[in-house]
1. Under 15 Å from the Cα of B:Lys95, which aspartates and glutamates turn up, not counting those fewer than eight places away in the same chain?
2. Starting from the Cα gyration tensor of region B:60-187, take the square roots of the eigenvalues, sort them a ≥ b ≥ c, and report rounded, prolate or oblate (rounded when a/c is under 1.5, otherwise prolate if a/b is larger than b/c, else oblate).
3. Of the listed pairs B:Lys47/B:Lys122; A:Lys173/B:Lys184; A:Lys184/B:Lys122, which have alpha-carbon separations greater than 29 Å here?
4. For a 31 Å ceiling on Cα separation, which of these pairs sit above it: A:Lys112/B:Lys83; A:Lys172/B:Lys83; B:Lys49/B:Lys83?
5. How many partner chain Cβ atoms sit within 10 Å of a residue's Cβ in peptide B:144-157, on average, as a whole number?
6. Which Cα, out of A:Ile88, A:Leu106, A:Gly139, lies furthest along the positive dipole direction of region A:43-199 (beta carbon charges, K/R +1, D/E -1)?
7. Using alpha-carbon pairs under 8 Å, 6+ residues apart, how would you state the relative contact order of region B:1-131 in percent?
8. For chain A, with a Gaussian network of springs between Cα atoms less than 10 Å apart, report the residue from A:Leu17, A:Leu76, A:Leu53 with the top mean-square fluctuation.
2 protein chains.
Amino acid sequence: MSSIKTRDRIVEVASELFYTQGVEVTSFLDLAKQLGISKGNLYHHFKTKNALLNAVIGHRLGQTQEMLDGWEGASLAPEDRIKRYLHIVIQNWGKIRFYGCPVGTLSSELVKRDPDSEDAHKVFSLFRDWLTRQFVDMGIKDQADEFAMRVLSWSQGVAILGSAFGDFDYVKKEVAQMNLWVDKCRVNRGSSDIKTLEE
Amino acid sequence: MSSIKTRDRIVEVASELFYTQGVEVTSFLDLAKQLGISKGNLYHHFKTKNALLNAVIGHRLGQTQEMLDGWEGASLAPEDRIKRYLHIVIQNWGKIRFYGCPVGTLSSELVKRDPDSEDAHKVFSLFRDWLTRQFVDMGIKDQADEFAMRVLSWSQGVAILGSAFGDFDYVKKEVAQMNLWVDKCRVNRGSSDIKTLEE
DNA sequence: GCAATAATAGGACGATCGTCCAAACAATGT
DNA sequence: ACATTGTTTGGACGATCGTCCTATTATTGC
């Protein structure tokens, strides 16, 4: 039964096209062509575009969880794990430059489709909870979630401006600053002074 | 000759729908219905959707420039002008919550349409240069542009996460933090220590 | 080995897309 | 008053959209 494979391939390709083109703009025919299958076959696996979108969201969630679990299993210090997260925007710059952050762009589209949808922040919540845990491991208590949100917000802003200006140097500099900030968090546990500029 | 009026109305409504629905998703029929005119009339004023998009970008640029000029003419201290900018996300939260930041979302769409387009960062550049000027007026020399980009990035990140989580309290807290940071910039001119947490 | 089920192809369907056009209408200059 | 120009309408056009349906081909359970 190669249908499971087909179904998975559909979700993977859909996740890619939803990212690079946008959900609304990507058609069933686009997907069928890219997959080398017929439109009818695609419809057989997903009766509606919304069903496909839900599957894609599930796929992204699983993918993200797997990545985060891997980082947590890699016996790194919590601040190094956070730096590992920050490095994504450099690692994936080739795509982010053209298509933005996959999490941010999908979330924005989902909010527009349905403002009250839980899905809009599900992937963000995965990162948020994971980052919070890392900050807690660093000894930060009360403000762990606040710091996690700041890291998320920071990376989102950098992705948008980096993409808008097509400026990789800016991105690298900002990530370097974020890395310093994370280190400063370790040194001044519970302190509120944060080094954000100059190396 | 009421055609100029019609043309302006088209651009205004298009700017609104491009924001709330997205450029790709908004059709000529959507616009015509909203405007109460025929599709043919719309085409008489703008031969192509791209021409309309360009007009909308020009409109946004003029609108933004006018707003910034107004703030600069309002005889405020430069740090208060920056705070005035930061306040936008609170002031326009009603729409940002559902449709994101109009500058960020349009920029993202423009990059996807044409990665090398100058238009993608034109509005951002307006804010960037204006913010840089304010920081210079505050006595910050070398890092004025860096600080401007940080303010931009910060507001973009907050808009995205605030919208994704539908959390106005988070937005207000972050803006308060940004305000403190701006004040700290004034106090520690040229210093690199930045207060980002706790009030 | 044969009925039952799943997978796939190909196309029909009504609707809507961006574009374009011909005709009616309004405004203007002389 | 009339010719000219600009505005507006309503709809035609080919293409494509999401959805759905019928046949044909694989796969499975017994």
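Readers should treat all values here as calculations from the given coordinates under stated rules, not as data from a laboratory. Model, not experiment: these values are computed from the prediction. Cβ: placed from backbone, ideal geometry, glycine included. Neighbour counts: every protein chain shown.
1. By straight Cα distance, B:Lys95 reaches A:Glu109, A:Asp114, A:Asp116, B:Glu16, B:Asp167.
2. oblate
3. A:Lys184/B:Lys122
4. Details: A:Lys112/B:Lys83 28 Å; A:Lys172/B:Lys83 27 Å; B:Lys49/B:Lys83 36 Å.
Listed pairs above 31 Å: B:Lys49/B:Lys83.
5. 5
6. A:Leu106
7. Details: 73 pairs, mean separation 37.1, N = 131.
Result for region B:1-131 is 28 percent.
8. A:Leu76
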